[in-house]
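One structure is given here, and the rest of the page talks about it.
The values are calculated or read from the model by the stated rules, or taken from the named source; none is laboratory data. Since we're looking at a predicted model, the values are computed, not measured. FYI the Cβ positions are ideal-geometry reconstructions off the backbone, even for glycines, and counts take in every protein chain you see.
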Amino acid sequence: MATPLHSASTTDSTEAKVLAPLPYELPPLPYAETALEPVISARTVGLHHGTHQRGYLDKLAKLVVGTRFANMSLEGIIHATSGVAAHAAIFNNAAQAWNHAFYWRSLAPNGGGRLPAPLAARAEASFGTIEAMIAKLSAAAVGEFGSGWAWLVQDGANLHVMTTANAGTPLTERLRPLLAIDVWEHAYYLDVESRRADYVKGVMDRLINWQFAYDNLGA
Ligand SMILES: [Fe+2]
């Protein structure tokens, strides 16, 4: 990604780095907590951002104290710990922190609707029609078993739909994420209980941020 989404706070005291967790900044939401209503309630957004996302960052800060990961970016930690069993907890919290920051930017008030023309052309080249891409992304989000994520990603000239379980992220597959849909229950359960399909339809029809996907497109 062009711009790191997070950074660890810095301090001049080496001793402090070893003894106390450095807080990671919780990136602010790019809109008000009420902005995604009625699809996603302010209560869900507030808990999801202020409790869950903050929780991943707070746990990460504690886990990296005194390790070589302490001053790395989230992306650096993700790449350094992916697939390393001994560092699974660090990976999970770093990846969840990154995924959530990306997720909020994948949504927008008054989203959905028409795709920017260059993105539409890529979608048609990869999926046949825009509708086919939306159907595939929706089905992936609804069908992912348990907790995880549905993604629109770019691999060279092609766009793909993929899912990741738990904290998985396309960054470790060397794929360029364009959009993320969180399908952990905490993303929708307060609003639609177990009806994940209702949440996904609301997201795709009214919130998905095609402009953000377009902005993420590489050459
Ligand atoms: Fe989440």
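Brief remarks on what is shown
- Filtering the range 85-94 to residues that are of a type in the set (A, V, I, L, M) and either within 16 Å of the ligand (Cβ to nearest atom) or surrounded by fewer than 18 Cβ atoms within 10 Å (Cβ to Cβ) (or both) leaves Ala85, Ala86, Ala88, Ala89, Ala94.
- A search for C-beta distances below 6 Å between a residue of the range 119-145 that is at pLDDT 95 or above and any residue that is loosely packed, with under 13 Cβ neighbours inside 10 Å, counting only pairs 6+ apart in sequence or on different chains, returns Ser126/Asn158.
- Exactly one residue out of Gly128, Gly146 is over 28 Å from Ala80 (Cβ atoms) and over 16 Å from the mean Cα position of the chain (by Cα), and it is Gly128.
- Any hit, the range 79-89, residues being touching a residue at least 12 places away in the same chain (Cβ under 8 Å), under 26 Å from Asp215 (Cα atoms) and not polar (S, T, N, Q): yes
- Residue list for the range 166-186, restricted to those being touching a helix residue (DSSP H, G or I) at 6+ places or on another chain (Cβ under 6 Å) and surrounded by 16 or more Cβ atoms within 10 Å (Cβ to Cβ): Ala167, Thr169, Leu171, Pro177, Leu178, Leu179, Ala180, Ile181, Asp182, Val183
- Residues in the range 18-57 that are charged (D, E, K, R) and at pLDDT 95 or above were compared, and the one that is surrounded by the most Cβ atoms within 10 Å (Cβ to Cβ) is Glu33.
- Number of residues in the range 95-145 that are among the aliphatic types (A, V, I, L, M) and surrounded by fewer than 19 Cβ atoms within 10 Å (Cβ to Cβ): the value is 9.
- Filter pass, Arg68 being farther than 26 Å from Glu185 by Cα and crowded, with 16+ Cβ neighbours inside 10 Å: no
- So Leu115, is it away from the ligand (no atom under 16 Å from the Cβ), of a type in the set (A, V, I, L, M), more than 29 Å from Gly46 (Cβ to Cβ) and out of contact with any helix residue (DSSP H, G or I) (no Cβ under 8 Å at 6 or more places or on another chain): no
- Checked against (1) crowded, with 20+ Cβ neighbours inside 10 Å; (2) free of Cβ contacts under 8 Å to residues at least 12 places away in the same chain, Gly156 meets all criteria but (1).
- Residue within the range 62-84 that is aliphatic (A, V, I, L, M), within 15 Å of Asn166 (Cβ to Cβ) and in a helix (DSSP H, G or I) present: yes
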